[in-house]
Amino acid sequence: MKPFTYVRARTLPHAVDLFADRDDAHFVAGGTNVTDLLKLGVLAASHLIDVTDALPREIETLPDGTTRIGAGVSNAVLAGHRAIRGRYPALAAALLAGASGQIRNAATVGGNLLQRTRCTYFQDVTRPCNKREPGTGCPALAGAHRDLSVIGGSGTCIATHPGDMAVALAMYDAEVEVLHTDGRTTRLPVGELHRLPGDRPDRDTVLAPGEIVTAVHLPDPGPHRSAYRKVRDRQSYAFALVSVAAAVTAGPDGSTVRLAFGSVAPRPWRAGTAEERLRGHALTDELVRAALDAEFAAATPLPGNAFKVEMAKAVGLATVRDLLAGRGENTPDQAHDVPGPAEHRHTPSAPAEGPEGAAG
Ligand SMILES: Cc1cc2nc3c(=O)[nH]c(=O)nc-3n(C[C@H](O)[C@H](O)[C@H](O)COP(=O)(O)OP(=O)(O)OC[C@H]3O[C@@H](n4cnc5c(N)ncnc54)[C@H](O)[C@@H]3O)c2cc1C
Ligand code: SF4
């Protein structure tokens, strides 16, 4: 047992002060990830700074139609919030697909975003791991990599960001609000929070030590139809093999599709190439399939996880197809606004492949 101090920060500036100049301090929010890693010996902390009293816990709809979610809001409260369920249904679905009811009660928005990878070697201190101990190697490359990245990884690390919530946030163009150690507050897109490993796999995110995620900002999504679908080894209480958050918005020039994939990359993978290829076109199965082929053309899977590339494309196609056919969650005022299959010259097809992304 390694001794450590435990202090509850009263305010955010207090949390920043407590962290200052401490090499091995860690923030604790819900504690569902950080305490596991401490018990496994993956993290060695001398100072634990509990930020749950200091973090904002409000969910506010602002006058400009955007939404601000305090980083201390629990995953359970966020999933059940009326404005989130009504205006960002794919986000509510993603949250409910994660972990278990007990964990969602404790887990916070900030902690969920910053949870560490579930790569088994990272969690096993008897094995080398470049993320845990830079320069020791990556046994996953020639070992157990079934769950790991197929795109965006590097020769030093192919870990994934394993969470669900961040995938939906990336699809909705959310931004993360960060309090810096000098007192400044800035915002950055959720899609830029997590780093690709490159030659620094030990750095999961762009945050510097002592920086605190204080809130998440969601733009006004407007009327849209959306879904979150998660494929996993069992229907509940399991991390995704592949997930997708998708939304279809009707516009004068046809529908706009937004897509982000989870558990295929070191960060939520916003499918910008596919989205661009679909913009302004009649959305047929063939076109969606070609757009997803283009998105994953840069994939570099390994023998044990090549199936994830085809799985991601299949789940992406099935989810877009369902949204165009009127299935998926509607925001309240747009049930009839998104053109259905006939208007898209969409070919009716078999039911969605893969398990439905229902609550886990
Ligand atoms: C059995 C099990 C199953 C799970 N299944 C899923 C799943 O299916 N999908 C899924 O998405 N997740 C899953 N999880 C992960 C779970 O969602 C995360 O553990 C949880 O969201 C982390 O939130 P937390 O508040 O408990 O974070 P903590 O454990 O308190 O912290 C996590 C990390 O974030 C840092 N941190 C926390 N808050 C802040 C902040 N505001 N600013 C800066 N740093 C901060 C901490 O220092 C730590 O490094 C599962 C977990 C378990 C144990
Ligand atoms: S994939 Fe990353 S986390 Fe997993 S063993 Fe390799 S370096 Fe470590």
Quiz item: Which members of region 17-41 meet the condition of being under 27 Å from the mean Cα position of the chain (by Cα), more than 8 Å from ligand 1 (Cβ to nearest atom) and surrounded by fewer than 18 Cβ atoms within 10 Å (Cβ to Cβ)?
Solution: Asp24, Lys39, Leu40, Gly41
Quiz item: Do the conditions hold for Gln102, that is, is it at pLDDT 95 or above, more than 16 Å from ligand 2 (Cβ to nearest atom) and more than 14 Å from the chain's Cα centre (by Cα)?
Solution: yes
Practice problem: Return yes or no: is Cys157 over 21 Å from the mean Cα position of the chain (by Cα), surrounded by 24 or more Cβ atoms within 10 Å (Cβ to Cβ) and either among the acidic types (Asp, Glu) or away from ligand 1 (no atom under 16 Å from the Cβ) (or both)? | Solution: no
Quiz item: Which of the residues spanning region 277-291 are assigned to a helix (DSSP H, G or I), touching a Ser or Thr at 6+ places or on another chain (Cβ under 9 Å) and open to solvent by less than 50 Å² (accessible area, probe 1.4 Å)?
Solution: Leu278, Asp285, Ala291
Quiz item: Got at least one residue in region 89-110 being more than 12 Å from ligand 1 (Cβ to nearest atom), in contact (Cβ under 8 Å) with a residue 60 or more places away in the chain and part of a loop (DSSP other than H, G, I, E, B)?
Solution: no
Quiz item: When the residues of region 64-87 are filtered to those that are of a type in the set (Ser, Thr, Tyr) and more than 16 Å from ligand 1 (Cβ to nearest atom), which remaining residue is surrounded by the fewest Cβ atoms within 10 Å (Cβ to Cβ)?
Solution: Thr66
Self-check item: Qualifying positions in region 245-276 - in contact (Cβ under 8 Å) with a residue 12 or more places away in the chain, farther than 24 Å from Val206 by Cα and in a loop (DSSP other than H, G, I, E, B)
Solution: Asp253
Self-check item: Condition met for His14 (open to solvent by less than 90 Å² (accessible area, probe 1.4 Å), of a type outside the set (A, V, I, L, M, F, W, C), under 26 Å from Gln102 (Cα atoms) and not in a loop (DSSP other than H, G, I, E, B))
Solution: no
Quiz prompt | Number of the condition not met by Arg203 [criteria: (1) out of contact with any Lys or Arg (no Cβ under 7 Å at 6 or more places or on another chain); (2) open to solvent by 50 Å² or more (accessible area, probe 1.4 Å)] | solution = (1)
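The values are calculated or read from the model by the stated rules, or taken from the named source; none is laboratory data. Here the structure is a predicted model, which is why all the values come from computation and not from measurement. Cβ sites come from the backbone with ideal geometry, for glycine too, and all protein chains shown count toward neighbours. Areas reflect the complete protein model, heavy atoms only, side chains present, ligands, DNA and RNA absent. Shrake-Rupley method; radii C 1.70, N 1.55, O 1.52, S 1.80 Å.
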